[in-house]
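Throughout, read-outs are computed from the coordinates displayed, never taken from laboratory work. Here the structure is a predicted model, which is why all the values come from computation and not from measurement. Please note: Cβ atoms are built from the backbone with ideal geometry, for glycine as well, and neighbour counts cover all protein chains shown.
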Amino acid sequence: QVQLVESGGGLVQFGESLTLSCALAGDIFSMRDLGWGRQAPGKEREWIASILVGGTINYVDGLKGRFTIFRDVAKNMLHLQMNLLEPEDTAVYYCYCDRDGTRLWGQGTQVTVSS
């Protein structure tokens, strides 16, 4: 069993920054790749960033440079730092882990960016 709990969402203004957190619990050693996705209103969920088990970091095109994914191994936390936020970044943000060939998602945290 694994648990992923996101926090840190909220309402921010255009151009501001926000850092999301994801607490990892349970059978952490079974987690492989970790990452973040988001789902904007009326759209499908999209993958946006990941840390692979070997340490490689990947971002969706267009977000690299504004978003930074990082992990605090000692605290079993995964973070997503988001800078220069735009109204188009408004979405529910989810963290995930890949375990035994399955992608497990957290419950999500809402980020709203006002113009």
Segment 10-41-segment 49-115 distance, computed between alpha-carbon centres (Å) = 4 Å
task = Enumerate the calculated ³J(HN,Hα) couplings along segment 20-27 in order (Karplus 6.51 cos²θ - 1.76 cosθ + 1.60, θ = phi - 60°), each rounded to whole Hz, writing x wherever the residue is Gly or Pro.
result = 8, 10, 9, 7, 9, 9, x, 7
task = Starting at the first residue of segment 81-86, write each ³J(HN,Hα) from the Karplus equation 6.51 cos²θ - 1.76 cosθ + 1.60 with θ = phi - 60°, in whole Hz, x for Gly and Pro.
result = 8, 10, 10, 6, 5, 10
message = If I take the Cα coordinates of segment 2-106 and project them onto the principal axes, what are the three extents in Å, biggest first?
response = 38, 29, 23
Disulfide-incompatible cysteines by the Cβ rule (no partner under 4.7 Å) in the chain = Cys97
